[in-house]
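Everything on this sheet refers to the single structure shown next.
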Amino acid sequence: MSITVKALQKTGPDQPFKVVAIERREPQGTDVLIDIKAAGVCHSDIHTIRNEWGPAKFPLAVGHEIAGVVEAVGPDVTKYKVGDRVGVGCLVGSCGECEQCNKGFENNCLNGAIGTYNAIDEDGTVTQGGYSQKVTVRERFVCRIPDSLDFDVAAPLLCAGITTYSPLATWEVGEGQKVAVAGLGGLGHMGVQIAAAKGAEVSVISRSRKKEEDALTLGAKELLATGEDENFFETHKGTFDFILNTISAEFDLPSFMDLLKPGGKMVLVGLPPEGMPIPTRALTGGRKVLAGSNIGGLPETQEMLDFCGEHNLGAKIEVIGVNDVDAAYERVVKGDVHFRFVIDTATFEDAEVTEAEAA
């Protein structure tokens, strides 16, 4: 048995989004059927559906920042009930048996985690993401959204929130530390809020002062503009205990490492081009750490949501309808979003279904 719902799909990287009818499975076993209220737009969605990370599995609905309400549950569900406020992030499956899954790091599943979209599900179908009215997910991959957070500001936390929270928690960032967040976009604006809420002294590193007011409002002490001081990296050499680097374009990695104090750490959460040289002397000279981080496991994602609920931290968003997503993608690519687009899925109600084309 299946449930027919509306979703936004593309049939190719250069095709527009169309509202189509797709099938979601009826809840069985530990399944949770979620009535989606808000779906965040992540730059990963754009990269995927434009074939920028390899050929996508069309026709495809993307979206892995999902917030909604439990509509129905399978007979073996123990954690959730109808009416609960929940969210789903980047994962909808993993083996559940390997060392990493047993430690709560399903994102590092040694047998291959299942992505919320563009992945092969347990039944052999292609996973379809959150640009949709409803989704069915195993309860292990569902998190509880605190009552203090509205669905629209909570949805981006399921990717942008956990992506920035995880390294800050892993490296125990907190009071008494000087932290820099490099880049103030969808990821960076969450990193600033979370680091500040943990008690760190936060600086934002950006190319210009265009976002200075935003940085201060989000909790940063200052914004440092690399483009306004030709000696920027020398001026601020040895300043920071920790750098959360959200830059997705190529950047001067050795110079950024120089901004760290001896023993300092920089964690990359953006996706700059491969092939950037690792500055080995910059690491060994000051016993510095260069690391990467990619989302987080389910226990840590719930921890992040609870932390954000406690501190009333949500994404700063622009709400759009289902007919606005193509235009929103163009704006994201141009950096013209403040700071995250979120789709109001109630707008599916009046959207006309288009017959899906063959992939």
So, in the stretch 297-312, exactly how many residues are surrounded by 23 or more Cβ atoms within 10 Å (Cβ to Cβ) and either over 19 Å from E172 (Cα atoms) or touching a Phe, Trp or Tyr at 6+ places or on another chain (Cβ under 7 Å) (or both)?
1
Within the stretch 267-278, does at least one residue satisfy the condition of being more than 26 Å from K334 (Cα to Cα), under 28 Å from the mean Cα position of the chain (by Cα) and surrounded by 12 or more Cβ atoms within 10 Å (Cβ to Cβ)?
no
Residues in the stretch 97-106 that are touching a helix residue (DSSP H, G or I) at 6+ places or on another chain (Cβ under 7 Å) and not polar (S, T, N, Q): how many?
2
Which ones in the stretch 162-189 are under 14 Å from E65 (Cα atoms) and either touching a Cys at 6+ places or on another chain (Cβ under 6 Å) or among the hydrophobic types (A, V, I, L, M, F, W, C) (or both)?
I162, L187
Output the residues belonging to the stretch 153-184 that are open to solvent by less than 10 Å² (accessible area, probe 1.4 Å) and either charged (D, E, K, R) or assigned to a strand (DSSP E or B) (or both).
V179, A180, V181, A182
Kindly evaluate E52 against the criterion of being free of Cβ contacts under 8 Å to residues at least 60 places away in the same chain and within 30 Å of D14 (Cβ to Cβ).
yes
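With the condition being open to solvent by less than 40 Å² (accessible area, probe 1.4 Å) and over 19 Å from G83 (Cα atoms), I'd like the strands (runs of 3 or more DSSP E) fully within the stretch 1-72 carrying at least 3 qualifying residues.
Working: elements: 2-9, 18-25, 31-41.
Hits in the stretch 1-72: 2-9, 18-25.
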Name the single residue, out of those in the stretch 323-337 being touching a residue at least 60 places away in the same chain (Cβ under 8 Å) and part of a loop (DSSP other than H, G, I, E, B), that is nearest to H64 (Cα to Cα).
V337
All positions within the stretch 106-152 that are in a helix (DSSP H, G or I) and either over 17 Å from E26 (Cβ atoms) or at pLDDT below 95 (or both):
E106, N107, N108, R140, F141, F151, D152
All but one of (1) open to solvent by less than 10 Å² (accessible area, probe 1.4 Å); (2) within 18 Å of V181 (Cα to Cα) hold for K261; state the number of the condition that does not hold.
(1)
Among the residues of the stretch 279-293 satisfying the criterion of being open to solvent by 40 Å² or more (accessible area, probe 1.4 Å) and small (G, A, S), which is modelled with the lowest pLDDT?
G285
Within the stretch 77-99, identify whether any single residue is crowded, with 21+ Cβ neighbours inside 10 Å, at pLDDT 95 or above and among the aromatic types (F, W, Y), and answer yes or no.
no
When you check V342 against the structure, is it under 23 Å from H43 (Cα atoms), of a type outside the set (F, W, Y), open to solvent by 60 Å² or more (accessible area, probe 1.4 Å) and assigned to a strand (DSSP E or B), yes or no?
no
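What number of residues within the stretch 229-250 are touching a helix residue (DSSP H, G or I) at 6+ places or on another chain (Cβ under 9 Å) and modelled with pLDDT of 95 or more?
Looking only at the stretch 229-250, we keep the residues that are touching a helix residue (DSSP H, G or I) at 6+ places or on another chain (Cβ under 9 Å), and these are 229, 232-234, 236-238, 242-248.
With the extra rule that they be modelled with pLDDT of 95 or more, the set shrinks to 232-234, 236-238, 242-247.
Residues in the stretch 229-250 being touching a helix residue (DSSP H, G or I) at 6+ places or on another chain (Cβ under 9 Å) and modelled with pLDDT of 95 or more: 12 in total.
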Would you point out which residue out of A196, A215 is crowded, with 24+ Cβ neighbours inside 10 Å, under 19 Å from G314 (Cα atoms) and of a type outside the set (S, T, N, Q)?
A215
Of the listed residues (K178, K103), the one being among the basic types (K, R) and either under 24 Å from V86 (Cβ atoms) or under 16 Å from the mean Cα position of the chain (by Cα) (or both) is K103
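The values are calculated or read from the model by the stated rules, or taken from the named source; none is laboratory data. It should be emphasised that the depicted structure is a prediction, and the values quoted were computed from it without experimental measurement. Reconstructed Cβ throughout: ideal geometry from the backbone, glycine too, with neighbour counts over all protein chains shown. We work out accessible area using only protein heavy atoms, side chains counted, and drop any ligands, DNA or RNA first. Shrake-Rupley method; radii C 1.70, N 1.55, O 1.52, S 1.80 Å.
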